[in-house]
């Protein structure tokens, strides 16, 4: 089998994962600026008997829009998910998603979350098969490098109310085992990149220090494709301002077995000196500020990437958005992706 990833150009471009979903598929106004932790079947506009067909059609549209923009590494846009993390929970036993709990976040907000009521085990059928079918559709549909995304074990453990384990590391470890089993199934479809989303490292850096790398490595165990861990400070639609300029937990990932680290850099004006501490890794640099969208001209994006090249060689750098494009209009997303691809091409011609 030919591996499309072997023919990537210097400074390839990618997406973090999500793409705007069509309004005929989901109620975008109701979805608003929320990131559901539990299932929200009320958001979908398609009758259950037509849902799978509608999801595939929407995925094909998302893939074609990324390809038309010139993106090198594409996903299916995560269009069949209500959020980046809650979808996976339909594929595991031990989680009660039908009778959720309320948790108060560190910001003092009440959030509806799933309950962990037994051992976390990947279940056959349900979400497990949906993920497999989605990955198979992506591989069969795209002419570019196919990437799939999964929530990371540390983040999943933080987004549930634990009524069974009584030990955050034990919970995260069992999530890692289930995620690894799912990732191996997805790798078998021919996907060439698997990304694990771990935005919650920033929320609990003390626990991340203790076992964040260990549980990530367990989720990666045995995978032969390129692996990515994505860190961010939250969707710009949810966190529009006051993002920190440094990660409390990042350099430690240099010791993990992950191949590539994806970081949000544009909106928070990240201190790119941290790249010096990640010398073992490839980097996906967030070069699209999803809060100040007008700033994302090809010239500005090229300047952001050029600043990273003072710390990292071009053979280790990939350009991407800060975070998922889920909350943008579809035309906005396409415009931003085209600007990023243009910026990468300009830089490439100077190297």
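A short reminder: the numbers here are calculations on the coordinates, not readings from a lab. It should be emphasised that the depicted structure is a prediction, and the values quoted were computed from it without experimental measurement. When we count neighbours, we look across all protein chains shown, and the Cβ atoms used for this are built from the backbone with ideal geometry, even at glycine.
Of note:
- Residue order, fewest to most beta carbons within 10 Å, for 46, 297, 318, 149: 297, 46, 318, 149
- Orientation-averaged projected area, Cα convex hull of the stretch 152-258 (nm²): 7.5 nm²
- Relative contact order %, the chain, counting alpha carbon pairs below 8 Å whose residues are six or more apart: 19 percent
- Estimated FRET transfer efficiency when R0 is 56 angstrom, pair residue 209-residue 338 (beta carbons, to 0.05): 0.90
- For the pair the stretch 188-226 / the stretch 248-303, the C-alpha centres are spaced 17 Å from each other.
- Per-residue packing, averaged as other Cβ atoms within 10 Å, sorts the ranges 241-249, 139-147 into the order 139-147, 241-249, beginning with the highest.
- Using alpha carbons only: equivalent-ellipsoid semi-axes of the stretch 2-74, gyration tensor based, whole Å: 29, 15, 11
- As computed over the stretch 1-140, the Cα convex hull volume per residue (Å³): 164 Å³
- Theoretical gain in end-to-end length, residue 124 to residue 188 [0.36 nm per residue, Cα-Cα removed]: 21.5 nm
- Values of log10 I(q)/I(0), in the order q = 0.10, 0.22 Å⁻¹, for the stretch 58-183 under a Debye, Cα-only, solvent-free model: -0.37, -1.19
- Take the Cβ atoms of residue 117 and residue 239, set R0 to 51 Å, and the FRET efficiency comes out at 0.95.
- Two-site label geometry, residue 6 and residue 104: point separation in nm, points 7 Å out along Cα→Cβ: 5.7 nm
- Two-site label geometry, residue 53 and residue 279: point separation in nm, points 7 Å out along Cα→Cβ: 5.8 nm
- Computed from the Cα positions only, the extents of the stretch 200-351 along the three principal axes stand at 40, 36, 28 Å, in decreasing order.
- Debye log10 I(q)/I(0) at q = 0.20, 0.26 Å⁻¹ for the stretch 120-196, Cα point scatterers: -0.85, -1.18
- Sequence-separation-based contact order of the stretch 122-203, relative, with Cα cut under 8 Å and 6+ spacing, percent: 47 percent
- Over all projection directions, the Cα-based convex hull of the chain averages an area of 15.9 nm².
- Modelled FRET efficiency - R0 30 Å, residue 162 with residue 224, Cβ distances, 0.05 increments: 0.40
- Descending Cα extents along the principal axes, the stretch 251-340, whole Å: 39, 24, 22
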